[in-house]
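Here the structure is laid out as structure tokens; the discussion comes afterwards.
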Amino acid sequence: MSSPSATLRRVLLALALSSATLLAACSGLQPVHGERGIGTERTAFRYASPAGRFDQIIYQELALKLGRSTRAEAPLLRVVTSSSRRDLTRTAVSRPAKQQELVLTALIEIVAADGAVVWSGTRSAAALYSTDSQALAATEAEREAGERAARALAETIRLSVLGALAQPAG
């Protein structure tokens, strides 16, 4: 025979488990991934032609994660990027390693098959890098930082697009 405290613990545990299940069923949230997620149901895009390396990286990342369509009625996703650089440190030491930041900004549009802009926005991402007096190393560091920023920006764009698609039309 079990003690009253053990029975009480079992009842409380069963109550906690059943209430958690009931609360989860009442949630108005919709998953982004999975069989019924918005990430798989409504994201067949055509992509504009890339104007540069950063655009190309962003389109590749988006096509990989959102999918690609060749149908003429699929919406067109257009991304135009621009970049800027700035020094993060100042020093009086000759030939020090300089800390820099590359900021990549994208203008994004989703264009319907009839040419109407369905959604547009601007997003940015930054990447830090160091340069020294060696030109080749500085160029490579800047290129690598740009690619990191482009990949981070692609993820930001993907989440923004999914958020825009999740909004009810109206």
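Being β-branched (Val, Ile, Thr) and at pLDDT below 65 narrows it down to one of Ile58, Ile38, so name that one.
Ile38
So for the stretch 3-22 (the condition being outside any helix (DSSP H, G or I) and modelled with pLDDT of 55 or more), does at least one residue qualify? Write out each step before concluding.
Pass one, the stretch 3-22, residues outside any helix (DSSP H, G or I): 3.
Narrowing the set further to residues that are modelled with pLDDT of 55 or more leaves 3.
Yes.
For the stretch 77-101, which residues satisfy the criterion of being modelled with pLDDT under 95, among the hydrophobic types (A, V, I, L, M, F, W, C) and closer than 22 Å to Thr156 by Cβ?
Selection gives Leu88 alone.
Regarding Thr70, is this residue modelled with pLDDT of 65 or more, among the β-branched types (Val, Ile, Thr), under 30 Å from Gly146 (Cβ atoms) and more than 16 Å from the chain's Cα centre (by Cα)? Explain how you work it out, then say what you get.
Working: modelled with pLDDT of 65 or more: yes; among the β-branched types (Val, Ile, Thr): yes; under 30 Å from Gly146 (Cβ atoms): yes; more than 16 Å from the chain's Cα centre (by Cα): yes.
Yes: the conditions hold for Thr70.
For Ala135, are the conditions met, namely being without any contact (Cβ under 8 Å) to a residue 24 or more places away in the chain, under 18 Å from Leu159 (Cα atoms) and either among the small types (Gly, Ala, Ser) or in contact with a Cys (Cβ under 8 Å, 6 or more places away or on another chain) (or both)?
Details: without any contact (Cβ under 8 Å) to a residue 24 or more places away in the chain: yes; under 18 Å from Leu159 (Cα atoms): no; either among the small types (Gly, Ala, Ser) or in contact with a Cys (Cβ under 8 Å, 6 or more places away or on another chain) (or both): yes.
Against the criterion (without any contact (Cβ under 8 Å) to a residue 24 or more places away in the chain, under 18 Å from Leu159 (Cα atoms) and either among the small types (Gly, Ala, Ser) or in contact with a Cys (Cβ under 8 Å, 6 or more places away or on another chain) (or both)), Ala135 does not qualify.
The values are calculated or read from the model by the stated rules, or taken from the named source; none is laboratory data. None of these values were measured; they are calculated from a predicted model. Using ideal geometry, Cβ is built from the backbone for each residue, glycine included, and neighbour counts are taken over all protein chains shown.
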